[in-house]
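Could you have a look at this structure, given as structure tokens, before my questions?
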Amino acid sequence: MVPMLKDPTLLKQNAFFVNGEWTPAKSGKTFEVRDPATTKLIGTSAECDVDDAQAAITAAEEALPSFRAKTGRERSKLLRKWYDLMMENADDLAALITWENGKPLADARGEVTYAANFFEWFSEEAPRAYGDTIPTSVPGNRVFTIREPVGVCGLITPWNFPAAMITRKIGPALAAGCTVVCKVPGETPYTSLAIAELSVRAGIPKGVVNFITTLDNTPRVGELLATSPSIKKLSFTGSTAVGKLLMKLASGTVKKLSFELGGNAPFIVFDDADIDVAIAGALASKFRSSGQTCVCANRLYVQEGIYDEFARRFAAEVEKFTIGNGFEDGITHGPLIHERAVSKVEEHVRDAQSKGAVCVVGGTRGDAGLAPGTFFMPTVLTGMSADMTLATEETFGPVAGLFKFATEAEVVRRANDAEVGLAGYVFSADAARIYRVAEALEVGMVGVNTGIISDTASPFGGVKESGFGREGSKYGIEEFQTIKTVTLGGMGKPLQS
Ligand code: SIN
């Protein structure tokens, strides 16, 4: 199915967005973008290379002095206008998300609101970049601080939230007074480019936001953003492996960094939990975007007293899911992004089965009547153990592996036995236990009796190899600011008579 956009001019093909203009790649090359539900061609996009990315960096550098000189209130109005335009064009943005990412239309609509909210939120933060006055230890000195924009920022975003991951970075960057070069995901460029087009209509000045599209040249463009001395801050959402590489590359220019990397979220259900709430939370957390989010439950630990009942009732709910093309009514779950993702999920399932796990639901590829090789059946595995790949690696797919545990101390130890620490979930009716476990989990975010924790107002980010820095919330803007200390000497003289 090919969606009809209300405003077809939002579909930008074969050009990237630099200095307020739509421009083909210097090489003239393009790459194909395909609908993951059908694998049919959606269109082609400019295959940018380092020359194109350098042009974007230069445009962002030239736009910086006048943009940072604007008042916070002026920048706030621009972001607010951009938010309004996203909401006015929500149907088209959602259609683009479903088309190129595959998530069901209702989820895509939810993502548009989530994404636009970052512009609204940071439009409200922009005028509030307060500094401090600081009582100094040197008599006669007076000290105050100014929050300044860090400068030109490189932003690299993933395909799983084609709208929200980019607005979560651009919103605070612009609120702080920075200008940006965004490397948008090759799998899902059209949503980002539609948002770029709306920036023109919102009156964002030329060069303040620049969008680079590339598929094959992604490593080269990423390297330029990480090494260019003109880029003062790099914000990246993606895998831990790529994050480590970018961190090494960025060390040459000692850039400010924030990284939101992979997770392997433990989801813990205690015997005293409300089982209906825990099942609803697990369904939402595990199967959101067909399991393709960094905060999806990956290891579901269920205490032995309710394990069997939880497994039976949870599996019965998962069996009700309907996979298919996200544009069709009644579809609860779409495809995975590409065949490689399906192969990885399949490997995790086969590995678990070969080590003794039992597949209660799913466990195979699904053709959804479309047979493009990008679907995997929502799956529940029981009898999971720590030696299985799923226990140590993020599956990023619709597979729920249920691990049995006996005690609180044991499950916390097993949950923390991971190199990463993004999200964790706890289900219990005991307030003291909730505090104990939430405090003991080595993660950046804990959901208690809920499977959905993402909210514009809440700080988003991880610990350990899940990265550092926080997005959204009152903290998000700080990632794009530096604090300048101003010390005034000779201020302690007596009043003149
Ligand atoms: C992510 O998967 O990286 C983001 C998920 C979210 O914002 O909820």
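Once Lys and Arg get +1 and Asp and Glu get -1 on their Cβ, which of F211, I483, L246 lies farthest toward the positive end of the dipole of the chain?
Final value for the positive-end residue is I483.
Moving to a separate point now. Leaving out ligands and nucleic acids, and using a 1.4 Å probe, what accessible area per residue does the stretch 265-448 come to in Å²? Walk me through the numbers before you get to the answer.
Working: 6890 Å² over 184 residues.
Per-residue accessible area for the stretch 265-448 comes out at 37 Å².
Could you tell me what percent of the accessible area of the chain is made up of carbon and sulfur, with a 1.4 Å probe and every protein chain present?
Within the chain, the accessible surface is 53 percent carbon and sulfur.
Along the positive direction of the dipole of the chain (beta-carbon charges: Lys, Arg +1; Asp, Glu -1; about the Cα centre), which of G291, L261, P139 reaches farthest?
Selected residue: P139.
Another question, then. Which distance in nm do the two modelled labels at I452 and A432 give, with both placed 7 Å along the Cα-to-Cβ direction?
3.4 nm
If R0 is 25 Å, what FRET efficiency do you get for D51 and Q13 from their C-beta distance, rounded to 0.05?
Computed FRET efficiency for D51 and Q13: 0.80.
At a probe radius of 1.4 Å, what is the per-residue accessible area of M491, in Å² to the nearest 10?
90 Å²
Still on this model: Determine, from the Cβ-Cβ distance of D308 and V486 and an R0 of 60 Å, the FRET efficiency 1/(1 + (r/R0)^6), rounded to the nearest 0.05.
Details: r = 65 Å, r/R0 = 1.08.
For D308 and V486, the calculated efficiency is 0.40.
Take every DSSP beta bridge with both residues inside the stretch 361-497 and express the antiparallel ones as a percent of the total, to the nearest 5.
40 percent
I'd like the orientation of helix 72-88 relative to the chain: the angle between its Cα long axis and the longest Cα principal axis, in ° from 0 to 90, rounded to 10.
It is inclined by approximately 40 degrees.
I've got another one for you. Take D271, D52, D7 and sort them by solvent-accessible surface of the protein heavy atoms, 1.4 Å probe, largest at the top. Walk me through the numbers before you get to the answer.
Numbers: D271 65, D52 10, D7 35 Å².
From most accessible down to least: D271, D7, D52.
Separation between the M4 and E88 pseudo-spin-labels, each 7 Å from Cα along Cα→Cβ, expressed in nm?
Between M4 and E88, the label points sit 2.2 nm apart.
Short version: ³J(HN,Hα) in whole Hz for each residue of the stretch 136-151, in order, from phi by Karplus 6.51 cos²θ - 1.76 cosθ + 1.60 (θ = phi - 60°), x for Gly and Pro, what are they?
Taking θ as phi minus 60°, the curve returns 9, 8, 9, x, x, 8, 10, 10, 9, 10, 10, 8, 10, x, 5, x Hz for the stretch 136-151.
On C-alpha positions alone, give me the angle between the axis of helix 218-227 and the longest principal axis of the chain, in degrees, nearest 10.
Rounded to the nearest ten degrees, it is 40.
Which is farthest toward the positive dipole end of the stretch 208-361 among I279, L336, C359, measuring Cα position about the Cα centre, with Cβ charges +1 (Lys, Arg) and -1 (Asp, Glu)?
L336
Whole number please: convex hull volume per residue, Cα atoms of the chain, in Å³.
159 Å³
Which number gives the lysine pairs in the stretch 215-304 that have C-alpha atoms under 21 Å apart and are eight or more places apart or on different chains?
11
Can you check what the Kirkwood hydrodynamic radius comes to for the stretch 265-448, Cα pairs only, in Å to one decimal?
For the stretch 265-448, the Kirkwood estimate is 16.3 Å.
If you don't mind, another one. Between beta-carbons, use under 14 Å as the cut-off and find the net charge around N217, counting Lys and Arg +1, Asp and Glu -1.
Net charge in that neighbourhood comes out at -2.
Okay, next question. Spin-label point model (7 Å from Cα, Cβ direction): what's the T71 to A409 distance in nm?
Output for this residue pair reads 6.1 nm.
Please go through the residue pairs K12/K344; K355/K464; K169/K206; K26/K183; K26/K103 and name each one whose alpha carbons sit more than 21 Å apart in this structure.
K12/K344; K355/K464; K26/K103
With axes computed from alpha carbons, what is the tilt in degrees of helix 50-69 against the longest principal axis of the chain, rounded to the nearest 10 within 0 to 90?
In the chain, helix 50-69 runs at an angle near 60 degrees to the longest axis.
The values are calculated or read from the model by the stated rules, or taken from the named source; none is laboratory data. Here the structure is a predicted model, which means the values were calculated and not measured. No Cβ is skipped: glycine too gets one built from the backbone with ideal geometry, and neighbour counts run over all protein chains shown. Surface areas here come from the heavy atoms of the whole protein model, side chains and all, with no ligands, DNA or RNA. Shrake-Rupley method; radii C 1.70, N 1.55, O 1.52, S 1.80 Å.
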